[in-house]
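Colleague: Take a look at this one; I'll ask things after.
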Amino acid sequence: MSAGADGSGGPAVAARSGEGSPGEDGFVPSALGTREHWDAVYERELRTFQEYGDTGEIWFGEESMNRLIRWMQKRKIPLDASVLDIGTGNGVFLVELAKFGFSNITGIDYSPSAIQLSGSITEKEGLSNIKLKVEDFLNLSTQLSGFHICIDKGTFDAISLNPDNAVEKRKQYVKSLSRVLKVKGFFLITSCNWTKEELLNEFSEGWSAVAGFWLPAALTSWAQAIFPLQPPE
Ligand SMILES: C[S@@+](CC[C@H](N)C(=O)[O-])C[C@H]1O[C@@H](n2cnc3c(N)ncnc32)[C@H](O)[C@@H]1O
C-alpha cells in the first residue's frame, strides 16, 4: 500500500502546472481524466493485489481518511447514515468507514477493474455488507439517491482533466450530486486542483445553500472541504 503517487501522501492528479496548454478553465487536459487511464491503473493494481496482496495507492494519504472520519464522529453522523463514495478506486476508504462502524456504505466507480479490486479487498477484510457498483457518476444508470453523505477523494479532480469538454462534465457532476445527495446532506471533497474559493464557486450553482467547513490540510498543496449542501428541491 502506498500513500500518494508523489510519495509524500500527497496527490498526483494535479494538472494546473503540467505539460501542455491549459484550456479556458486553466486546466491542462490529461489522460488522468479518461476511463482508459483508470481501467489500465486498476487492471494493474488488481493483478498486484492478486499476486502480492498489496491494496495499492492511498490518494492523499491515510491522514486524509482519518480526518474525514474524525469530522463525522465529531458531527455525530449516525453510524447507519447512508454514505456514497464517488469514484471509490480500490475502496480503501470504504474499508476504513466500515471498520469504524458505518453500516450503510456504497462505493461506485466507472472502472470495472476498480470495483473488482475493491470487492476483493473488502472480501479479504471480511466486510460483506459494503455495496459496490460499476457506475459512471456522470451518467448514472440506476436510481441511486438519498445519501446522507457523499464523499469524493480525487474523483472531481480527475473529471476536471477530461480532454473532452471538462467544463460540461463538471456541470454534469454537480447535477448528479444533486440527484444522489439528500437535502441537508453533506458533501466531503478532497482535491488537489481546486482552491477553497473555486470549489465554493463551482458547487454553489443550482444549490440553495452552501456553507463550507474547511479542514486544515497537512499539506498546503491540496484542499479538504466539507460542504453541508442543500440540493434544489
Ligand atoms: C484519483 S482516483 C481516486 C480513487 C479513490 N477515491 C481514492 O481516494 O483512492 C479517481 C477515481 O475516480 C474514478 N472516476 C473518474 N471519473 C469517474 C466517473 N465519471 N464515474 C465514476 N468514477 C470515476 C476513477 O476510476 C478513479 O477510481
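Colleague: Working only within segment 43-90, note down all residues that are at pLDDT below 95, on the phi > 0 side of the Ramachandran plot, within 15 Å of the ligand (Cβ to nearest atom) and not hydrophobic (A, V, I, L, M, F, W, C).
Modeller: Correct list: Gly56, Gly61.
Conditions tested, residue by residue: (1) open to solvent by 30 Å² or more (accessible area, probe 1.4 Å); (2) at pLDDT 85 or above; (3) among the charged types (D, E, K, R); (4) more than 14 Å from Ala114 (Cβ to Cβ).
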| site | (1), (2), (3), (4) |
| --- | --- |
| Pro11 | no, no, no, yes |
| Ala14 | yes, no, no, yes |
| Gly33 | no, yes, no, yes |
| Glu36 | yes, yes, yes, no |
| Ala40 | yes, yes, no, no |
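Colleague: Restricting attention to segment 175-197, and to residues there that are open to solvent by less than 60 Å² (accessible area, probe 1.4 Å) and more than 13 Å from the ligand (Cβ to nearest atom), which single residue is nearest to the chain's Cα centre (by Cα)? Write out each step before concluding.
Modeller: Quick first cut of segment 175-197, residues open to solvent by less than 60 Å² (accessible area, probe 1.4 Å) only: 176-178, 180-181, 185-194.
Those still in the list that are more than 13 Å from the ligand (Cβ to nearest atom) too: 178, 181, 185-187, 194.
Details: Ser178: 16, Leu181: 14, Gly185: 16, Phe186: 13, Phe187: 10, Trp194: 14 Å.
Ranking the qualifying residues of segment 175-197, first place goes to Phe187.
Colleague: Can I ask one more? For residues in segment 150-171 being near the ligand (Cβ under 9 Å from one of its atoms) and open to solvent by 20 Å² or more (accessible area, probe 1.4 Å), which is farthest from Glu62 (Cα to Cα)?
Modeller: If we filter segment 150-171 for residues that are near the ligand (Cβ under 9 Å from one of its atoms), which is where we start, we get 151-159, 162, 169.
Those left that are additionally open to solvent by 20 Å² or more (accessible area, probe 1.4 Å): 153, 155, 159, 162, 169.
On the way: Lys153: 12, Thr155: 17, Ile159: 23, Asn162: 27, Lys169: 29 Å.
Checking each candidate, the answer is Lys169.
Colleague: Within segment 60-114, restricting attention to residues that are open to solvent by less than 30 Å² (accessible area, probe 1.4 Å) and among the acidic types (Asp, Glu), which residue is farthest from the chain's Cα centre (by Cα)?
Modeller: Selected residue: Asp109.
Listed here are the residues, each with its yes/no results for (1) more than 24 Å from Gly53 (Cβ to Cβ); (2) within 15 Å of the ligand (Cβ to nearest atom); (3) open to solvent by less than 30 Å² (accessible area, probe 1.4 Å); (4) not small (Gly, Ala, Ser).
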{"residue": "Gln116", "(1), (2), (3), (4)": "no, yes, no, yes"}
{"residue": "Phe137", "(1), (2), (3), (4)": "yes, yes, yes, yes"}
{"residue": "Leu140", "(1), (2), (3), (4)": "yes, yes, yes, yes"}
{"residue": "Gly146", "(1), (2), (3), (4)": "yes, no, no, no"}
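The values are calculated or read from the model by the stated rules, or taken from the named source; none is laboratory data. For clarity, every value in this text was computed on a predicted model and none was experimentally measured. Every residue, glycine as well, gets a Cβ built from its backbone with ideal geometry; the counts of neighbours run over all protein chains shown. Accessible surface is based on the protein model in full, side chains and every heavy atom, while ligands, DNA and RNA are left aside. Shrake-Rupley method; radii C 1.70, N 1.55, O 1.52, S 1.80 Å.
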